[in-house]
Ligand SMILES: [Zn+2]
Ligand SMILES: [Zn+2]
Ligand SMILES: [Zn+2]
């Protein structure tokens, strides 16, 4: 395309200068339009939903209740929350979270890129099983990874370095830990920037971060796990305002989901609380919110549930495996 444009300006060079410059302007505009169209069609950076369930997936081990029985019977499984990000400009792809379903999820992501990009790193939010236990599959017994960049904040990084079996991954150089500094933007390429942000959560082994994933055109926010919104000194609405898509913790729909457990000991913003909190937002702000990280008991996992219908009517979105977003 560039060569064609050059020829078209050159052949007219001898006629008159004024015509040449206006012709150049037109061709430059045309070139800009083509590049723009190409970017819009093919995208430079894309984000892919690779799983939406809480740490233990759905159906969940040992669950014989109504939420899981039909899933067991029909062999249906919802994978644990993970995002894939592809940077087409430098032919790389990244996983956000190393879940127990990492094998399937990496294959899904690599199918998207038709093998044209390279696995270039894994970002981890925190040390709860659904978010990092998949790292085990990078070790000698499995993939035997070769210095796969592993992006984690300090406590998470130290936990992996100092505790078996994770330390083996470091010693064998299956992973290469790259420490993240909260609030500090990491530039993976000129088109893909990642900023970790500290969020309050049950931090037994690590701190917990969320991620701001900034592509060439759009930005996504990923907070799969957080205690109540009110326990955070950042107003979530301000962050939603700054991004185009917000993938937010929807572990439990309401407080009645686990009758045999003290739900105060496992705090999350109930979806009904989030709905109330976000009720005054404009419809365009609500449309940015994609609920994700569903416990097996959460009715949002079922498309025909009243909860699902309510959320859709209110103008919110529900993340689904296979969704794709251009950033
Ligand atoms: Zn989780
Ligand atoms: Zn269940
Ligand atoms: Zn957690």
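The values are calculated or read from the model by the stated rules, or taken from the named source; none is laboratory data. This structure is a prediction, so every number in the text was calculated from the model and none was measured. In this analysis, Cβ positions are derived from the backbone assuming ideal geometry, glycine residues included, and neighbour counts consider all displayed protein chains.
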Output for Cβ contacts, cut-off 6 Å, separation at least six or different chains, first residue under 20 Å from residue 295 (Cβ atoms) in the range 221-246, second assigned to a loop (DSSP other than H, G, I, E, B) and more than 16 Å from ligand 3 (Cβ to nearest atom), reads 246/288
Kindly provide the set of residues from the range 222-250 that are in contact with a strand residue (DSSP E or B) (Cβ under 8 Å, 6 or more places away or on another chain) and within 16 Å of ligand 1 (Cβ to nearest atom), ordered by number.
222, 223, 224, 225, 226, 247, 248, 249, 250
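Taking the condition of being touching a residue at least 40 places away in the same chain (Cβ under 8 Å) and in a helix (DSSP H, G or I), how many residues in the range 72-91 meet it?
0
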Of the candidates 130, 145, the one satisfying the condition of being buried (at least 19 other Cβ atoms within 10 Å of the Cβ), within 26 Å of residue 207 (Cβ to Cβ), within 16 Å of ligand 2 (Cβ to nearest atom) and at pLDDT 95 or above is 130
Here is a check on your reading of the model: is residue 204 out of contact with any strand residue (DSSP E or B) (no Cβ under 7 Å at 6 or more places or on another chain), surrounded by fewer than 15 Cβ atoms within 10 Å (Cβ to Cβ) and assigned to a helix (DSSP H, G or I)?
no
Assess whether residue 312 counts as being farther than 16 Å from residue 81 by Cβ, touching a strand residue (DSSP E or B) at 6+ places or on another chain (Cβ under 9 Å) and modelled with pLDDT of 95 or more.
yes
When the range 224-273 is checked residue by residue, the ones that are assigned to a loop (DSSP other than H, G, I, E, B), surrounded by fewer than 16 Cβ atoms within 10 Å (Cβ to Cβ) and touching a helix residue (DSSP H, G or I) at 6+ places or on another chain (Cβ under 8 Å) are 228, 254, 255
Positions within the range 292-303 being out of contact with any helix residue (DSSP H, G or I) (no Cβ under 6 Å at 6 or more places or on another chain) and in a strand (DSSP E or B), in sequence order:
292
Among the listed residues 198, 116, 180, 188, identify the single one that is touching a helix residue (DSSP H, G or I) at 6+ places or on another chain (Cβ under 9 Å) and either closer than 25 Å to residue 52 by Cβ or in contact (Cβ under 8 Å) with a residue 12 or more places away in the chain (or both).
180
Check on residue 96, within 13 Å of ligand 1 (Cβ to nearest atom) and within 26 Å of residue 198 (Cβ to Cβ):
yes
Out of all the residues in the range 172-208, which are within 16 Å of ligand 3 (Cβ to nearest atom) and more than 26 Å from residue 44 (Cα to Cα)?
198, 199, 200, 201, 202, 203, 204, 205, 206, 207, 208
Give just the number: which of (1) within 30 Å of residue 242 (Cβ to Cβ); (2) surrounded by fewer than 16 Cβ atoms within 10 Å (Cβ to Cβ) does residue 171 not satisfy?
(1)
